[in-house]
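The values are calculated or read from the model by the stated rules, or taken from the named source; none is laboratory data. Keep in mind it's a predicted model, so treat the numbers as computed, not measured. Positions of Cβ are backbone-derived with ideal geometry, glycine not excepted, and every protein chain shown enters the neighbour counts. Surface accessibility is based on the protein's heavy atoms, side chains included, excluding ligands, DNA and RNA. Shrake-Rupley method; radii C 1.70, N 1.55, O 1.52, S 1.80 Å.
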Amino acid sequence: MKSILEYDTVSLSDDGTALVIIDQTLLPGEIKLLHLTGQNEIWEAIQALRVRGAPAIGVAAAIGLYLAAREIKAGERGAFLERLHAAAEYLNSARPTAVNLSWALRRMERTAHQTAGGAEEIRAALHRECLDMWQEDIDVCRRLGENGLSLVKPGDGLLTHCNAGALAASRYGTALGPILLGQERGKKLRVFADETRPLLQGARLTAWELARAGVEVTLICDNMASMVMKNGWVQACFVGCDRVAANGDTANKIGTSGLAVLARYYNVPFYVLGPTSTIDLDCPTGADIPIEERDGEEIRSLWYREPMAPAEVRCWDPAFDVTDHSLISAIVTEGGICRPPFGESLRELVSREKGDAP
Ligand code: MRU
């Protein structure tokens, strides 16, 4: 059986004409690769969570924008850049919460503006830039995984929510990175995975990818987490993030903040793991993070043979929540581990990673 690390979650096809993704809506039943070329199908793939997870949608959008640039007719430079901007805005509208999406598109547009010449030169620069971002994402996840691994001992139990693994990034993932690295090195960790209602990323993706990697994983319903903590079965929580505000408030999959409240009660350290690109210093607090709301049918009927609630009942389906910074023990990035007070530690980390003078 192939480990998930042997697949690319997101990539540019060898001939450079398509975004290649694993369709995550079909997992764990079927591993199907999709080759996407048009902007509408790339937008749809991000919106429908065929490709998902903050770093993965950033890289997918960067490749998507390169593909858009291939389609824009060469002509006057200004007009070309305007059409590129329109394509970036369109892709950015697919999902609002993960800042990696807008971060990646802004970086691609900056590259376009900084490249001298016309359409041909800009396309070549965008091709290089999206491949660089893909490679950087792999390197970043590996470094982040090493940092996360320093927080645990062999045999520790960890609780995770949603999927922040290899499927959510270019490889290794963030919150699952230390676990996958630990497994490769014989530093075995035991994992409890929340199934993660309503879209079941924990059951369909995390349990699947960890089991394929040989990690000891136990799947639980979200409402079982407090019992797992009370029983002393986990020594830490490891979760990913979609946007970290300047004060450390963190948006992640709905249910994360409840887990953090439980972890505080049971004295279990609560770690958020993510790349520096997920830190949004322009967002002062969690109250400024846009929260995606999805179709309530995901709750009522998506996984059932018959709807599990009456048709007339309103379902509220926020996809993310914000964990207050006061509940977070540390934020683990590729550049180091930030501890409270996060207002200072995050700012320092970001300027260090950008290479700013102290
Ligand atoms: O809606 P999703 O599946 O894209 O949500 C994903 C998460 O919440 C992840 O925890 C987050 O993006 C970090 S992925 C490394």
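Take each peptide in 105-112, 313-320, count the other Cβ atoms within 10 Å of every residue, and average; sorted highest first, the result is 105-112, 313-320.
Model label sites at residue 339 and residue 188, defined 7 Å from Cα along the beta-carbon direction, differ in position by 3.2 nm.
Among the protein heavy atoms, those of residue 35 account for about 120 Å² of accessible surface (1.4 Å probe, every chain in place). Just going by the charge dipole of segment 258-358, with Lys and Arg at +1 and Asp and Glu at -1 on Cβ, which of 283, 261, 301 is farthest out on the positive end? It is 261, whose Cα lies furthest towards the positive end.
Rounded to the nearest 10 square angstrom, residue 90 shows an accessible area of 80 square angstrom against a 1.4 Å probe. Note on residue 142 and residue 221: the extension gain reaches 25.5 nm, defined as 0.36 nm multiplied by sequence separation minus the Cα-Cα distance.
I'd like the carbon and sulfur percentage of the solvent accessible area for the chain, probe radius 1.4 Å, heavy atoms only, ligands and nucleic acids excluded. Each step should come with its number before you reach the end.
Numbers: 7790 of 15210 Å².
Carbon and sulfur: 51 percent of the exposed surface of the chain.
Keeping every protein chain present and rolling a 1.4 Å probe, give me the accessible area per residue for segment 209-257 in Å².
Averaged over the residues of segment 209-257, the accessible area is 35 Å².
Modelled spin labels at residue 351 and residue 114, positioned 7 Å past Cα toward Cβ, are 2.0 nm from each other. The calculated 222 nm mean residue ellipticity attributable to helices in the chain amounts to -12000 deg cm²/dmol, summing -39500 (n - 2.57) over DSSP H runs of n ≥ 4 and dividing by all residues. Taking 8 Å as the Cα distance limit and 6 or more residues as the minimum spacing, I'd like the relative contact order of the chain as a percentage. Answer for the chain is 15 percent. Rounded to the nearest Hz, the phi-derived 3J(HN,Hα) couplings of segment 179-194 under the Karplus curve 6.51 cos²θ - 1.76 cosθ + 1.60 (θ = phi - 60°) are 6, 5, 5, x, 5, 4, 9, x, 8, 6, 10, 9, 10, 9, 10, 5, where x marks glycine and proline. Taking every DSSP beta bridge that has both ends in the chain, the antiparallel portion is near 45%. Cross-link partners of residue 253 among lysines, defined as those whose alpha carbon lies under 30 angstrom from its own and excluding same-chain residues fewer than eight positions apart: 2, 32, 153, 187, 188, 230, 354. In segment 153-294, the DSSP beta bridges split such that about 10 percent are antiparallel, to the nearest 5. A simple charge model with +1 on the Cβ of Lys and Arg, -1 on the Cβ of Asp and Glu and nothing else charged puts the dipole of the chain at about 860 debye relative to its Cα centre. Here the Karplus relation 6.51 cos²θ - 1.76 cosθ + 1.60, evaluated at θ = phi - 60°, turns the backbone of segment 120-134 into coupling constants of 4, 5, 5, 4, 5, 5, 5, 4, 4, 5, 5, 6, 4, 5, 5 Hz, with x for every Gly and Pro. Size descriptors for the chain, from the alpha-carbon set: Rg then Dmax equal 20.0, 66 Å.
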